[in-house]
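Encoded as structure tokens, the structure appears first; notes follow it.
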Amino acid sequence: MSNPLQRFLGSRESLRGRTLNGVQWLMIKSLSISVIELVRSMIFLRLLEAQDFGLMALAVIVPGFARSLTETGTDIMVQRAGADVDEQLPTFWTVNVIRSALAVALLWLLAGAVADFYATPALAWPIRLLSLQLLLNGLSGFGAQLRQRTMDFKPVAVAGILAQIGVAFISLAAAWLLRNYWAIVIQLCTVAAAEWVCSYLLHPWRPRWQLRPAIVRGVMLFAASAVLLNLFNYIHISMDRGVVGKLLDLEAVGHYTRAHFLALLPVQCFANVIGQVFLPAFRTIAHDASRLRKAFFKTIGLLTILYGALGLGLFLGARPFIWVVAGEKWMGIVSLFQILLLYSISKCIVLVTSPIFYLYKKPMMIATCAGIMAGSFALVCIPMTRAYGLKGMAWAVVLSGLLSHLVAMASAVYLLCSNRSCQTDLTSPV
């Protein structure tokens, strides 16, 4: 009689075995990168001032806006493409290059205006130099995506860890020598360069210029939802920093963004793994609506237990956690950290709905939920910040996020309980 653990794990070649193996490697990658990022952040927090973090939090708003306006979603398209994916790659790459060129131009045009808006001339050149990120992203290959679509996660994990170790050494050296916001600029540009190198090491491929009309039309159709989704996410993620920077000051922006970063560590460390593993895993059982539904509900139950326990532990231990990670001078962010944890844990759980929307060819549902979040946030963030300061902003993030997450969960459950298999939806128009 087989061991109960072996029965649970399944054979290495089974869907469950491959999924758990993928989870294992991506979890190793995510945990390793989170530890590296946490150690780097602990050192940065002691070498730099809140104003440095505040200035860079405002600087990255512009690249985020440019990226949102030009997003195409080709990363997702590579993973869900059919057997002819190799024929589509040159067009995907060409579209990405054009997109990045437009984004870089937009970045240089907006840099001066943003610096004037915040009456902070020092913002202009960091914004312009961050265009290197967008350029390298557009020139990158599809190594990680091609590995993930075949559930070959080990090389992706190893490459990601090694790249982050290299980035950490370079950025820490910059922080030690410069002791100002330029160390963060160097770190962000180095991350983009490392990702560009890894994209070709994971899947050696010679890019070539190609624009096949049929593929371009497909990209543009998919990009419509991708642009909306990214714009809505941009509003929710970046508007808070922009509002705090305008209504308060750079120091307040620095305190808020560090609390936000630390609160979202569970998302960076664990939840982002789910999206990478469960899209290819769910895709293999998309033809069986009953099996897909059961897998989804089991996953939600497990995630609720795990993330709920993690969130409770961080909430109760917030003060010692902040003291160890950031030091005495950052203890003022404890209450912000606790409030934003509510949003973080909810986001961890709801991220598993995205693969369902992609499989049912309903990407606009993701954009719709993001729109609900962005719209409700835009309505309440300014009055709540004026009334309650940084805590008001944190609660605006939580309330708008929870509303959006409830809609996303209800929509995913509706699709799964409609007794339609994804196979029908995958071959029909959106």
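The values are calculated or read from the model by the stated rules, or taken from the named source; none is laboratory data. The model shown is predicted, which means the values in this text are computed figures rather than measured ones. No Cβ is skipped: glycine too gets one built from the backbone with ideal geometry, and neighbour counts run over all protein chains shown.
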Qualifying residues in the stretch 177-187 (those that are assigned to a helix (DSSP H, G or I) and out of contact with any Ser or Thr (no Cβ under 9 Å at 6 or more places or on another chain)) - the one surrounded by the most Cβ atoms within 10 Å (Cβ to Cβ):
185
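Each row is one residue, and each column tells you yes or no for (1) among the charged types (D, E, K, R); (2) more than 19 Å from residue 231 (Cα to Cα); (3) in contact (Cβ under 8 Å) with a residue 24 or more places away in the chain; (4) out of contact with any strand residue (DSSP E or B) (no Cβ under 7 Å at 6 or more places or on another chain).
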{"residue": "348", "(1), (2), (3), (4)": "no, yes, yes, yes"}
{"residue": "358", "(1), (2), (3), (4)": "no, no, yes, yes"}
{"residue": "366", "(1), (2), (3), (4)": "no, no, yes, yes"}
{"residue": "392", "(1), (2), (3), (4)": "no, yes, no, yes"}
{"residue": "397", "(1), (2), (3), (4)": "no, no, yes, yes"}
{"residue": "416", "(1), (2), (3), (4)": "no, yes, yes, yes"}
Contact list, first residue from the stretch 206-217 and surrounded by 10 or more Cβ atoms within 10 Å (Cβ to Cβ), second anywhere and in a helix (DSSP H, G or I) and among the hydrophobic types (A, V, I, L, M, F, W, C), beta-carbon distance below 6 Å, six or more apart or interchain, is 207/93
So which helices (runs of 4 or more DSSP H) are wholly in the stretch 96-159 and hold at least 1 residues that are farther than 20 Å from residue 183 by Cβ?
131-139, 143-149
Counting only residues that are closer than 22 Å to residue 30 by Cβ and hydroxyl-bearing (Ser, Thr, Tyr), how many does the stretch 164-185 have?
1
Out of the stretch 103-124, which residues are among the aliphatic types (A, V, I, L, M) and in contact with a helix residue (DSSP H, G or I) (Cβ under 8 Å, 6 or more places away or on another chain)?
103, 104, 106, 107, 110, 111, 114, 115, 122, 123, 124
Would you check if there is a residue in the stretch 295-303 being surrounded by 13 or more Cβ atoms within 10 Å (Cβ to Cβ), without any contact (Cβ under 8 Å) to a residue 40 or more places away in the chain, charged (D, E, K, R) and part of a helix (DSSP H, G or I)?
no
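Criterion first (within 21 Å of residue 236 (Cα to Cα), within 21 Å of the chain's Cα centre (by Cα) and crowded, with 16+ Cβ neighbours inside 10 Å) does residue 382 satisfy it?
So residue 382 does not fit the description; no.
Does residue 71 meet the test of being of a type in the set (Asp, Glu) and assigned to a loop (DSSP other than H, G, I, E, B)?
Answer is yes for this residue.
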Just one of 127, 76 is under 24 Å from residue 236 (Cα atoms) and modelled with pLDDT of 90 or more; which is it?
127
Would a scan of the stretch 206-227 turn up a residue that is within 30 Å of residue 335 (Cα to Cα), over 23 Å from the mean Cα position of the chain (by Cα) and in a helix (DSSP H, G or I)?
no
Failed condition for residue 120, given (1) touching a Ser or Thr at 6+ places or on another chain (Cβ under 6 Å); (2) touching a residue at least 40 places away in the same chain (Cβ under 8 Å), with all others met?
(1)
